[in-house]
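Data block below; observations after.
The values are calculated or read from the model by the stated rules, or taken from the named source; none is laboratory data. Being a predicted model, the structure only gives us computed values, none of them experimental. When we count neighbours, we look across all protein chains shown, and the Cβ atoms used for this are built from the backbone with ideal geometry, even at glycine.
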Amino acid sequence: MNIELKLQALVDGELDAREVREVEALLARDEFASLLVQELKWTKSAVRHSEAGVALPETREFFWSKVERGIAAEARNQAAPAASVAPAWWTKLLFPASGLAAMVAVLFVMSGPRSSSDDALNENVAEDINAYSFHSEAEKMSVVYVSDENADFSPVGQEVKNETEAEK
Amino acid sequence: MFLRALLILMVVSAWGWQVATATAAPEAKVQAILVWGTDEIKPDNKSLKQLDGKLHEKLAKVFKWQHYFEVSRKSSDLPAGKSQGLKLSEECSVEIKVLPENVAEVKLIGKGKTLVTRRHSLAKAEALVLAGDDRNNNAWFVVLNFN
Amino acid sequence: MAKPLDHKTATDVELVAASQAGDMVAFEELVARHRDKIYARAFSMMRNEEEAIDLAQEAWVKAWQRLKQFQGDSSFATWMTRIVINLCLDQLRRQKRTRAESIEQLDEELGGVERQMPVVASNPTEGLERAELRKRIDKAMVQLSYEHRTVLILHEFEEMEYKQIAKVMNCSIGTVMSRLFYARRRLASLLQSLKKEQQS
């Protein structure tokens, strides 16, 4: 181990007693080494107490709906191989786009207690769309959110955005 | 002869019932609002207005964007069993049909294609929000309120 | 009869036990309590909001799947943080592969340049208020490579020892030490520059 890394290990408390004595002896006679140790200590201390306190920029309900959807999707993925071994004959009579049918099942996610009247609710999305739904009891709203990284569908007219960009 | 008369009576009754229900008072009313959510400052566009306080507050409690602007708003009666289309922008419209058991079937149509079909219970006074990603980390919302 | 769990006031240990028994509401409460910390760790490593949100979400899904493996040897928050760190490292490695770089190449390119840097003789963060200090550290951290930033995060934020970091990052202790040394020296230099900028 080179001497700089030994100095750092001293700062981090990673040296055994014998090595500590050796490095301290060096520090007593080498000014550069002492300055370097000082700098390492400052940096260590500054970083240790300075983690940026960023908060998740999504509401509790919105974030949880995504987690819940992920859990449901994983559970289905694990169950899928067993089911696919011997598909029931009647499944062939179901919606021909089985991917869409599966998506319908995947995408209907509820976040929170639902009343029996909600059983009537369901949704269906186009095959190339990735959407998920959740329910906010507090704000009394059901949401279907279309996740679209490329934002191919943009119902708000371009002129609205152009105005914004011009303003910028 | 009697059977024939009974059959005619049944057909006429069924037709009469259909006509009666088709022309019955609206089952529900809907108000659809197209909203744009953004973190940008208010665009200088006269067709956009700040979303009303209550709805703004509701959306802001659920979604992350700071500003919500109303792009368009449409209202309509919803006669039972009949599909009603509401055009909210050049590329976006919704089709709503009230089904039996107090359920509305809502279709979100973008660029002429049905993107999402959702059945929504009208039993509770809850809004249905169809939303999605827009370019530049913005978002769009179609807020549907029924009564 | 067992008393029903009050999720809002329950301890993490109680919520974990309930979640292990399949109580999703208990798990949702755990997510709500720790989601900011998990996201913050992902953000520190990825420096990208969307990626950090996705990875934080993935971490919670993984946590639910592996919940039965959690024995309580560490706190739930620590266990969760390890999950998100591993996911971030996997993601960063994937990104690195696509950029066709290698850690070894990077280290060689640097070729011990950290030893040539002049020692910063006065504390570049002295007298700074906490918020300003955080801002500057954050600004400086962005300029480090992911390997150097990660080793700093694991050592200073997670307070891991060299050998733990080596295990997590799948490298030797020597590599951890040299990366940490470089990261600190570079950071000191960046903080010094920021201080000078502020003074001028």
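Key figures for this structure:
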| read-out | value |
| --- | --- |
| Qualifying residue in region C:92-102 (condition: at pLDDT 85 or above and more than 12 Å from chain A (Cβ to nearest Cβ)) | yes |
| Long-range neighbours under 7 Å by Cβ, at least six apart or interchain, first residue more than 16 Å from C:PHE76 (Cα to Cα) within region C:14-27, second not in a helix (DSSP H, G or I) | C:VAL25/C:HIS7 |
| Set B:GLU101, B:GLU70, B:GLU105: member being charged (D, E, K, R) and within 8 Å of chain A (Cβ to nearest Cβ) | B:GLU101 |
| Scope region A:56-80; condition among the basic types (Lys, Arg) and within 10 Å of chain C (Cβ to nearest Cβ); matching residues | A:ARG60, A:LYS66, A:ARG69 |
| Which numbered condition A:LEU15 fails, given (1) part of a helix (DSSP H, G or I); (2) more than 9 Å from every other protein chain (Cβ to nearest Cβ); (3) buried (at least 19 other Cβ atoms within 10 Å of the Cβ) | (1) |
| Subset of region C:16-37 [over 23 Å from the mean Cα position of the chain (by Cα), within 14 Å of another protein chain (Cβ to nearest Cβ) and among the aliphatic types (A, V, I, L, M)] | C:MET24, C:VAL25, C:ALA26 |
| Region C:150-181 - residue that is among the hydrophobic types (A, V, I, L, M, F, W, C) and not in a helix (DSSP H, G or I) and, of those, nearest to the other protein chains (Cβ to nearest Cβ) | C:MET160 |
| Test: residue in region C:119-141 that is farther than 19 Å from A:VAL37 by Cα, surrounded by 20 or more Cβ atoms within 10 Å (Cβ to Cβ), at the interface with chain A (Cβ under 10 Å from one of its Cβ atoms) and more than 16 Å from the chain's Cα centre (by Cα) | yes |
| Positions within region B:85-98 being within 11 Å of chain A (Cβ to nearest Cβ) and among the basic types (Lys, Arg), in sequence order | B:LYS87 |
| Given (1) facing chain A (nearest Cβ under 9 Å); (2) of a type outside the set (A, V, I, L, M, F, W, C); (3) not in a helix (DSSP H, G or I), number of the condition B:LYS82 does not satisfy | (1) |
| Whichever residue in region A:42-55 is at the interface with another protein chain (Cβ under 7 Å from one of its Cβ atoms) and assigned to a helix (DSSP H, G or I) and, among such residues, is farthest from C:PRO124 (Cα to Cα) | A:ARG48 |
